[in-house]
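We did not get these values from a lab; they are worked out from the coordinates using the rules stated. As the structure is a computational prediction, the values presented were derived from the model and not from experiment. In this analysis, Cβ positions are derived from the backbone assuming ideal geometry, glycine residues included, and neighbour counts consider all displayed protein chains.
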Amino acid sequence: MALIEGLGGLSGAGEVIAWTGSGGVALLVMRQLYKMFRIELKEVKDSDNRESLISQYRDLAERYKKEADENGARADQFANERNSAIEEMGKLRGEVISLTRQVEHLQVQIGQLTHTIEILNKLVVQPVEVDKT
């Protein structure tokens, strides 16, 4: 109203133009405010979306870290079991080598005993001549 009074008390067409102009200005101001609030609301939504996305990525990263830790623990367990099996195989190989040497030694002894038995058999089979005089 002050704007219209400032125009020198226009009446009729001037008043309509003044009202239309001030109404247009009000509409432009309202439109600009709407755009600003819409942009601000969009930024808030985008911010919320970003925060939600960041939260989802954090949760995903935590889950992957937990899975990686579990997989690492399993890998350590498998490595320990593998090392134990390798150690056991080394012990068994040592025992096999020792047993092989014992068998070789026993084979030599058997050969010697076989030779002794053959000599004894020859002595027993051949009659010994006794001097009867």
task: Grab the other residues whose beta carbon is less than 13 angstrom from that of Gly111, score K and R as +1, D and E as -1, and report the net.
output: -2
- request: Return the distance in nm (one decimal) between the two label points of a simple spin-label model at Ser22 and Leu106, each offset 7 Å from Cα along Cα→Cβ.
  value: 12.3
